[in-house]
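The values are calculated or read from the model by the stated rules, or taken from the named source; none is laboratory data. Note that this is a predicted model, so its numbers are computed, not measured. Quick reminder, even Gly has a Cβ in these numbers, built from the backbone with ideal geometry, and neighbours come from all protein chains shown. Areas reflect the complete protein model, heavy atoms only, side chains present, ligands, DNA and RNA absent. Shrake-Rupley method; radii C 1.70, N 1.55, O 1.52, S 1.80 Å.
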Amino acid sequence: MEKLPKISEMVNLSGKRALVTGGGKGIGAAISSRLVEAGAEVTIADVDPEIHILAEELSASFAKCDITVPEQLKAAVQQAADGSSLDILVNNAGIYPPTGPIAEVSDDFVTKMLDLNVRAQYSASREAVNYMSNGGSIVNISSIAALRGGASITAYSTSKAAVIGLTKAFANELGPKKIRVNAIAPGIIDTEGLAEQGAALKEGGIDVYAAIAANPLRISGDPDYIARATLFLASDLAEFITGHLLVVDGGSTA
Ligand SMILES: NC(=O)c1ccc[n+]([C@@H]2O[C@H](COP(=O)([O-])OP(=O)(O)OC[C@H]3O[C@@H](n4cnc5c(N)ncnc54)[C@H](O)[C@@H]3O)[C@@H](O)[C@H]2O)c1
């Protein structure tokens, strides 16, 4: 019988370089931490300059970067690849301010939401692929808001649904280059970003703190659950998986 690689070898990311956008807080910080633990050389690209402190604590590199600014994004990708090669890109940075009723959502707001949540993910992947001549894994963070919509978060739902299309299209084109492209749809996860938006979302009829453990498992959404799923998709455990949307929500959309 053919000797199979050991599980511990398949999740070992030693010698791999990874870039996590928005990797300084919440879900991104949990992902950065798990990738470092698995042995990867991680670069955190984040717009918040204070994130250099977390990066140092994690033994990760820090690229101060607004991913919507092309030159800053290019520089962050180049830094993460150390000018030679990149193995893993996690497109995590995103915003989710509530929008109110459709009639009150301005074009400028929709444009801003799509620019960060979709266009910048597209651009980051395009730049990263230049350094993935040995293959690679891209993990895009979508949301369950892409699957079931939501009053007062229309622009957000639209942006996160677009991430699924982007993922499938990229997976098809990049598969022959052995670059796998997958997405994760987190359920409601307890993060700083969620706390900041909580009050405004409640005004729009969404009580995130009531919803946070309102899933069949009755477990509060922890950022580490998304980090574990990311590690799976980024590693060789997912060698035959591409173009997939992995829903990680305690069963709330089941
Ligand atoms: N928290 C949830 O319930 C939840 C659920 C589903 C999906 N998501 C998605 O997960 C991702 C992370 O969410 P979170 O709750 O951890 O967010 P968060 O607000 O807690 O953290 C986001 C990080 O991204 C950084 N960032 C924001 N804009 C940036 C930019 N232009 N360039 C670079 N960095 C930038 C921030 O500085 C911050 O460090 C987002 O894409 C979000 O839409 C979150």
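Against the condition touching a residue at least 60 places away in the same chain (Cβ under 8 Å) and buried (at least 24 other Cβ atoms within 10 Å of the Cβ), how does V42 come out, does it pass? Before you say what the answer is, go through the steps one by one.
On the way: touching a residue at least 60 places away in the same chain (Cβ under 8 Å): no; buried (at least 24 other Cβ atoms within 10 Å of the Cβ): yes.
Spelling it out, it is not the case that V42 is touching a residue at least 60 places away in the same chain (Cβ under 8 Å) and buried (at least 24 other Cβ atoms within 10 Å of the Cβ).
For the list (1) within 21 Å of S152 (Cβ to Cβ); (2) near the ligand (Cβ under 10 Å from one of its atoms); (3) crowded, with 16+ Cβ neighbours inside 10 Å, I need the number of the one condition that P223 fails.
With (1) within 21 Å of S152 (Cβ to Cβ); (2) near the ligand (Cβ under 10 Å from one of its atoms); (3) crowded, with 16+ Cβ neighbours inside 10 Å applied to P223, the lone miss is (1).
Identify, please: which residue in segment 52-101 is polar (S, T, N, Q), within 9 Å of the ligand (Cβ to nearest atom) and outside any loop (DSSP other than H, G, I, E, B) and is, among those, least open to solvent (accessible area, probe 1.4 Å)? It would help to see each step written out before you state the result.
As a first pass, look at segment 52-101 and keep what is polar (S, T, N, Q): 59, 61, 68, 72, 78-79, 84-85, 91-92, 99.
This time we only want the ones that are within 9 Å of the ligand (Cβ to nearest atom), so: 68, 72, 91-92.
Then drop every residue that is not outside any loop (DSSP other than H, G, I, E, B), which leaves 72, 91.
On the way: Q72: 71, N91: 1 Å².
Filtering first and then ranking leaves N91.
Filter segment 142-164 down to the residues that are within 11 Å of the ligand (Cβ to nearest atom), assigned to a loop (DSSP other than H, G, I, E, B) and aliphatic (A, V, I, L, M), then identify the one that is surrounded by the fewest Cβ atoms within 10 Å (Cβ to Cβ).
Selected residue: I144.
Which of the residues belonging to segment 190-242 are within 21 Å of P101 (Cβ to Cβ), touching a residue at least 12 places away in the same chain (Cβ under 8 Å) and in contact with a helix residue (DSSP H, G or I) (Cβ under 7 Å, 6 or more places away or on another chain)?
L201, V208, listed by residue number.
For every residue, the table says whether it meets (1) in contact with a strand residue (DSSP E or B) (Cβ under 9 Å, 6 or more places away or on another chain); (2) within 12 Å of the ligand (Cβ to nearest atom); (3) of a type in the set (A, V, I, L, M, F, W, C); (4) open to solvent by 70 Å² or more (accessible area, probe 1.4 Å).
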| residue | (1), (2), (3), (4) |
| --- | --- |
| I184 | yes, yes, yes, no |
| I188 | no, yes, yes, no |
| T191 | no, yes, no, no |
| L194 | no, yes, yes, no |
| E203 | no, no, no, yes |
| R228 | yes, no, no, yes |
| L231 | no, no, yes, no |
